[in-house]
Amino acid sequence: MTNPVLAVKVENTRQALPQTGVKSADIVYVEQVEGGVTRLMAVYSSKLPSRVGPVRSARISDLHILSQYGRPAFAFSGVQSKMKPHIRQAPLYDISQENAGSAYFRAGPKPIPYNLYANPKDLLKRAPKAEAPRDIGFRFGPAPAGGKPTESFTA
């Protein structure tokens, strides 16, 4: 089954670890934000986890990334007021905590803002016309000859 495209902003600092639901994503972007800190944008369609998080705020760079997905559903916890007009004008479905509150919940022992999670199925119910995935240029196939399995690699 293919679901519509759902993108979720996820915290990526030590205080937020371990994240939930990220390994189910089809694609994960690592975006640099202020002060050398990074955030993740987890993009789902083929498999939805039961929850994802901790969910964090949107940035202008998200809109540039999401444009390749047509009109996806975009989940995030908030945004600076100066960016709200850009979100409203972007070709996406804003299913932020502000607009889809009951799809979000706080869980676990961590303090705010490291304890906000969302239910992806509930998020997508609030964006029933979000577009299905489209070809964005990735090609998958068998591994090339001569490689060796590895647990991780840093470039």
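Some points to look at:
- For the residues 55, 37, 10, 43, the requirement of being without any contact (Cβ under 8 Å) to a residue 60 or more places away in the chain and in contact with a Ser or Thr (Cβ under 7 Å, 6 or more places away or on another chain) singles out 37.
- Only one of the numbered conditions (1) touching a helix residue (DSSP H, G or I) at 6+ places or on another chain (Cβ under 6 Å); (2) modelled with pLDDT under 80 is violated by residue 143, and that is (1).
- Every condition in (1) under 18 Å from residue 128 (Cα atoms); (2) under 12 Å from the mean Cα position of the chain (by Cα) holds for residue 94 except the one numbered (2).
- Being within 13 Å of the chain's Cα centre (by Cα) and of a type outside the set (S, T, N, Q) holds for only one residue in 35, 108, 53, and it is 53.
- Pairs linking a residue in the range 72-88 that is closer than 13 Å to residue 61 by Cβ and hydrophobic (A, V, I, L, M, F, W, C) to a residue that is open to solvent by 40 Å² or more (accessible area, probe 1.4 Å) and in a loop (DSSP other than H, G, I, E, B), with Cβ atoms under 6 Å and 6 or more positions apart or on different chains, do not occur.
- Residue match in the range 45-60 (condition: farther than 19 Å from residue 128 by Cα and open to solvent by 50 Å² or more (accessible area, probe 1.4 Å)): yes
- Scanning the range 111-132 for residues being under 17 Å from residue 11 (Cβ atoms) and more than 15 Å from the chain's Cα centre (by Cα) gives a total of 5.
- Total residues in the range 4-23, condition modelled with pLDDT under 95 and open to solvent by less than 20 Å² (accessible area, probe 1.4 Å): 1
The values are calculated or read from the model by the stated rules, or taken from the named source; none is laboratory data. What you see is a predicted model; the values in this text were computed from it and never measured. Note that we place each Cβ from the backbone using ideal geometry, even for glycine, and neighbour counts take in every protein chain shown. All accessible areas refer to the heavy atoms of the entire protein, side chains included, with ligands and DNA or RNA removed. Shrake-Rupley method; radii C 1.70, N 1.55, O 1.52, S 1.80 Å.
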